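Data first, discussion second: the structure below is written as structure tokens.
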Amino acid sequence: MDLLTKTISLYKEMGISEEVYAFGTKILESLKERFDDIDKMAEYNQLKVVNAMQKARVGAECFNYASGYGYNDYGRDTLEQVYANVFHTEDALVRPQITCGTHALALTLSANLRPGDELISIAGKPYDTLEEVIGIRKSMGSLAEYGVTYQQVDLLPDGSFDFASIEKAISEKTKMVTIQRSKGYQTRPSFSVDQIGEAIAFVKKVKPDVIVMVDNCYGEFVEEKEPSDVGADLVVGSLIKNPGGGLAPIGGYVAGRKDLIEQCACRLTSPGLGKEVGASLGVMQSFYQGFFLAPTVVAGALKGAIFAANIYEKLGFGVVPNGTESRHDIIQAVTFGTPEGVIAFCEGIQAAAPVDSFARPVPGDMPGYDSQVIMAAGAFVQGSSIELSADGPIKPPYAVYFQGGLTWEHAKLGILMSLEKLYEAGIVKELS
Ligand SMILES: *Cc1c(COP(=O)(O)O)cnc(C)c1O
């Protein structure tokens, strides 16, 4: 048997029918150029990271264990220099004590805003979890409780920035502006770094001293530039998404202007202590190695997203982004229109996982959601969404959002398995 025959037979053993495999192969043939472009981006970003590590003189001693106060934690301080080099910023804060993306964003906002200041979101409603951080939904410890006011400028119907309304919203009180790069769980398109750059330039023209923060979650290494290359004062994200490369077990980062990063450090630890404390507790090797792998991991996830978009578009389902659009984050939405479609898709993703493949996801109630939600994830790091994962609220329009895949080969298996489940359930009747 040649390798291809063996591969097809192993797919079959794992539950992928020959029809589904053949359909996937046909779709893939049309994606060669796209994948080629993604590889070129990964090459560029891989060089960027290695160059940053060399310039920061990363050495074997960076991986040493540090405990207690963590004064002079060399590995931690050097890693922060590596992040600053990659994001082309003056400084960075990269810590396991930042527990997740929401925490990194909440930290950055609360560290740089004072009572009486105003925050404006110019990209419409921010990510769900930020509603409680800001106080859009009443919550304990929100910015609103500390006397920070908030305004939101919604996007225009076509998903672009509403410059006229942004200009009107900015006032004496405006201290910070926030822009979310990824669509999150909304149907608007994600922003390109260039679009973000235009918005920042506009905001700075209206009020030069306003601090612009970009929620960079899911966007890192998708393009050749990051928002900090086009004027963002602060970029913020989670290490269990793109920049952790699947290896970081926890963590968040903020990169940006030195004075603003110092504010973040004084809020994360304590006034007077700032960046000086916060031991890295042995996670440094995973942070470095994950960041090193991140450009190629992101490339694999992007290939998976594009593969899925093209498969489901061809089968007549709604896909955002569509099969040919340029990509600004790693998230793919597919609209099935029925609960059964959402459930079958998630079952496939789960069945393809390296961990917990035997579990069957079912819709359930979730805090903060107004409908049942189904989630599929069989991840090495709990909740990690740079690993192949999917979720969908069980309500119209019955869409799933899926992302990740530590390797393209695994993302491919997951997508074929999702199609297999839809095919077996009779939701997809014909593969052509
Ligand atoms: C995931 C995400 C967050 C929150 O990150 P968590 O790690 O889940 O807390 C914030 N904003 C966007 C756009 C995200 O995708």
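Determine whether segment 124-131 contains at least one residue that is within 14 Å of the ligand (Cβ to nearest atom), buried (at least 17 other Cβ atoms within 10 Å of the Cβ), of a type in the set (Lys, Arg) and not in a strand (DSSP E or B).
no
Right, Phe191: closer than 13 Å to Ser160 by Cα and either among the aliphatic types (A, V, I, L, M) or open to solvent by less than 10 Å² (accessible area, probe 1.4 Å) (or both) or not? Give the steps one after another, and end with the answer.
Numbers: closer than 13 Å to Ser160 by Cα: yes; either among the aliphatic types (A, V, I, L, M) or open to solvent by less than 10 Å² (accessible area, probe 1.4 Å) (or both): yes.
It is true that Phe191 is closer than 13 Å to Ser160 by Cα and either among the aliphatic types (A, V, I, L, M) or open to solvent by less than 10 Å² (accessible area, probe 1.4 Å) (or both).
Please state which of the following conditions Phe345 fails to meet, knowing it meets all the rest: (1) away from the ligand (no atom under 16 Å from the Cβ); (2) more than 20 Å from Ser384 (Cβ to Cβ); (3) crowded, with 20+ Cβ neighbours inside 10 Å.
Here Phe345 meets the rest and fails (2).
In segment 310-323, which residues are closer than 22 Å to Asp39 by Cβ, in contact (Cβ under 8 Å) with a residue 24 or more places away in the chain and either away from the ligand (no atom under 16 Å from the Cβ) or in contact with a Pro (Cβ under 6 Å, 6 or more places away or on another chain) (or both)?
Within segment 310-323, the subset closer than 22 Å to Asp39 by Cβ is 310-311, 321-323.
Filter once more, keeping what is in contact (Cβ under 8 Å) with a residue 24 or more places away in the chain: 310-311, 321.
Hits for segment 310-323 are Asn310, Ile311.
Looking at Gly290, Gly274, Gly278, Gly304, which one is surrounded by fewer than 20 Cβ atoms within 10 Å (Cβ to Cβ) and either free of Cβ contacts under 8 Å to residues at least 24 places away in the same chain or not hydrophobic (A, V, I, L, M, F, W, C) (or both)? Full working, then the answer.
On the way: Gly290 fails: surrounded by fewer than 20 Cβ atoms within 10 Å (Cβ to Cβ); Gly278 fails: surrounded by fewer than 20 Cβ atoms within 10 Å (Cβ to Cβ); Gly304 fails: surrounded by fewer than 20 Cβ atoms within 10 Å (Cβ to Cβ).
None of the other options fit; the residue is Gly274.
State whether the residues of segment 270-284 include one that is over 23 Å from Leu105 (Cα atoms), among the small types (Gly, Ala, Ser) and not in a loop (DSSP other than H, G, I, E, B).
There is no residue in segment 270-284 that is over 23 Å from Leu105 (Cα atoms), among the small types (Gly, Ala, Ser) and not in a loop (DSSP other than H, G, I, E, B).
Tally up the residues in segment 226-245 that are of a type outside the set (D, E, K, R) and either open to solvent by 20 Å² or more (accessible area, probe 1.4 Å) or touching a Ser or Thr at 6+ places or on another chain (Cβ under 7 Å) (or both), please. Even if it seems obvious, please write down each step before you answer.
First, pick out the residues of segment 226-245 that are of a type outside the set (D, E, K, R): 227-228, 230-232, 234-240, 242-245.
Right, trim to either open to solvent by 20 Å² or more (accessible area, probe 1.4 Å) or touching a Ser or Thr at 6+ places or on another chain (Cβ under 7 Å) (or both) and you get 228, 230-231, 234-236, 240.
The total comes to 7.
Could you tell me which of the residues Asn51, Asn112, Asn72, Asn85 is away from the ligand (no atom under 16 Å from the Cβ) and at pLDDT below 95? Let's see the steps before the verdict.
Details: Asn51 fails: at pLDDT below 95; Asn112 fails: at pLDDT below 95; Asn85 fails: at pLDDT below 95.
When all the criteria are applied, what remains is Asn72.
Could you tell me which residue of segment 88-101 is nearest to the chain's Cα centre (by Cα), considering only residues that are within 16 Å of the ligand (Cβ to nearest atom) and open to solvent by 40 Å² or more (accessible area, probe 1.4 Å)?
Kept after step one, since they are within 16 Å of the ligand (Cβ to nearest atom), are these residues of segment 88-101: 93-101.
Among the residues that remain, those that are also open to solvent by 40 Å² or more (accessible area, probe 1.4 Å) are: 97, 99-100.
Numbers: Gln97: 19, Thr99: 15, Cys100: 11 Å.
Ranking the qualifying residues of segment 88-101, first place goes to Cys100.
Output the strands (runs of 3 or more DSSP E) that fall wholly within segment 146-242 and possess 1 or more residues being away from the ligand (no atom under 16 Å from the Cβ), or say none. Let's see the steps before the verdict.
Working: elements: 149-152, 174-180, 211-215, 234-238.
Fully inside segment 146-242 and qualifying: 149-152, 174-180, 211-215.
Just checking, which of Leu109, Leu143, Leu113 is buried (at least 17 other Cβ atoms within 10 Å of the Cβ) and closer than 21 Å to Tyr218 by Cα? Let's see the steps before the verdict.
Numbers: Leu143 fails: closer than 21 Å to Tyr218 by Cα; Leu113 fails: closer than 21 Å to Tyr218 by Cα.
Of the residues listed, the single one that is buried (at least 17 other Cβ atoms within 10 Å of the Cβ) and closer than 21 Å to Tyr218 by Cα is Leu109.
Does any residue of segment 25-35 turn out to be open to solvent by less than 100 Å² (accessible area, probe 1.4 Å) and closer than 24 Å to Gly290 by Cα?
For segment 25-35, residues open to solvent by less than 100 Å² (accessible area, probe 1.4 Å) and closer than 24 Å to Gly290 by Cα: present.
The values are calculated or read from the model by the stated rules, or taken from the named source; none is laboratory data. Bear in mind the structure is a predicted one, so any value in this text is a computation, not a measurement. Quick reminder, even Gly has a Cβ in these numbers, built from the backbone with ideal geometry, and neighbours come from all protein chains shown. Accessible surface areas use protein heavy atoms only, side chains included; no ligands, DNA or RNA. Shrake-Rupley method; radii C 1.70, N 1.55, O 1.52, S 1.80 Å.
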